[in-house]
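Presented below is the structure to which this report refers.
What follows draws every value from the coordinates through simple rules; no lab data is involved. As the structure is a prediction and not an experimental result, all values here were calculated from the model. Cβ placement follows ideal geometry from the backbone for every residue including glycine, while neighbour counts extend to all protein chains displayed.
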Amino acid sequence: MRVRKIIHIDMDAFYASIEQRDNPLLRGKPVAVGGSRNRGVVAAASYEARKFGVFSAMPSLVAKRKCPKIIFVKPRFDVYQKVSGQIQEIFHEYTDLVEPLSLDEAFLDVTENKPGIKLATDIAKEIKFRIKEETGLTASAGVSFNKFLAKIASDYDKPDGLYVIKPKMAESFIEKLPVRKFFGVGAVTAEKMHKIGIATGKDLKQWSLDALVRNFGKSGHFFYNIARGTDNRPVNPSRIRKSIGAEHTYDIDLQGKNEILDALAIIGKELNNRLSIKQRKGRTLTLKVKFDNFEKITRSKSLEDYLSPSNINDIMHQLIDELDFSNRGVRLLGLTISNLDKPSHEVVQLEIPYEYNK
């Protein structure tokens, strides 16, 4: 069986790095994209902020306690999407087997590649150089013979790293690796593994398939295989996005229907912008509301034809009319379009049946 050549490219602190690139006053300083001093969640943190223990998905208040000098910056997703498109174009100059996981990372199968370059490591070096030259940003790359090991390798020497895991070194590498570093093992699963004596890949390898399935359900099959360096998943360039959405968490709770509709109008514009960028249409609109007591509700409506911007606005108002906002503050609003048309080439979010704690 021919050994595959897989590269995983992961941009370094992508959102935060773009903000620092575009605003010299932010360079060298701890930056959090998203959130604010009082509310919200950090979408991305610069490496200067990470030194203080600030990471994505952390509540802003916690980030502020950990790093009092942190600078919160509003996200600019249209800019991030544009830069991601530039990077995707670079990838496709080397191979059409590109599987995006998100705006800032992707797998590439370069076993057969357009320039005819023999070594995957040389391709990874070229791609990193091209990204730096054309976007001003750094990326880390992992190279190996399967997706699991390539993903692990890209995270091994961040930022601006390049690490290669060859077949002959895979077994010893995995055995020494802490399970919390495994792609597919999130914080909750890692804690559960630690409680039953699994701290490293070597520990994980001692467990039978039946025992892992009993303890971790269907993910047990995945854990059994990766402990042995086995991952036969192909790089799949045709993953289908199921929905496109936009949402916002508010520093001060919204009060009353008028405030809510004003806020939704802004979210609606962002949603239409994302649909336009991705050249997609859908038939179902879903409204998400999170109240001040953290109760979350969703309401949806579908049409036989694809939704237009005016349809989206009309249905948004209809869904709002179905809800009672009296004496209830709203902390989060979101709109999502689903039942999408068939896509052309696009960036999508990887869906995996196990935890992914980046």
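Data table
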item: Dipole magnitude (debye, nearest 20) for the range 167-234, charges at Cβ of Lys, Arg, Asp, Glu; result: 80
item: Listed residue pairs exceeding 28 Å between alpha carbons, taken from Lys132/Lys192; Lys74/Lys257; Lys147/Lys192; result: Lys132/Lys192
item: Residues Asn339 and Lys269, FRET efficiency given R0 of 25 Å [Cβ-Cβ distance, rounded to 0.05]; result: 0.75
item: Hits among aspartates and glutamates - C-alpha to C-alpha of Lys29 under 14 Å, sequence gap 8 or more where chains match; result: Glu19, Glu48
item: For the range 165-193 and the range 225-296, distance of Cα centres in Å; result: 31
item: At R0 = 22 Å, FRET efficiency that the Cβ-Cβ distance of Gln318 and Glu259 yields, to 0.05; result: 0.75
item: Test item: Cα-centred dipole of the chain, Lys/Arg +1 and Asp/Glu -1 on Cβ, debye; result: 1040
item: Helix-only mean residue ellipticity at 222 nm for the chain, each DSSP H run of n ≥ 4 adding -39500 (n - 2.57), per residue, nearest 500; result: -11500 deg cm²/dmol
item: Linear extension gain, Glu304 paired with Asp78, 0.36 nm per residue minus alpha-carbon span; result: 78.4 nm
item: Listed residues Ile312, Ile260, Asn293: farthest to the positive end of the dipole of the range 251-314 (Cβ charges); result: Ile312
item: Net length gained if the chain between Asn311 and Arg39 were fully extended (0.36 nm per residue, minus Cα distance); result: 94.7 nm
item: Calculated FRET value between Leu61 and Lys114, using beta carbons and R₀ = 45 Å, to 0.05; result: 0.40
item: Inter-centroid distance (Cα atoms) of the range 21-48 relative to the range 149-164, Å; result: 24
item: Within the range 1-165: Cβ-based charge dipole about Cα centre, in debye rounded to nearest 20 (Lys, Arg +1; Asp, Glu -1); result: 900
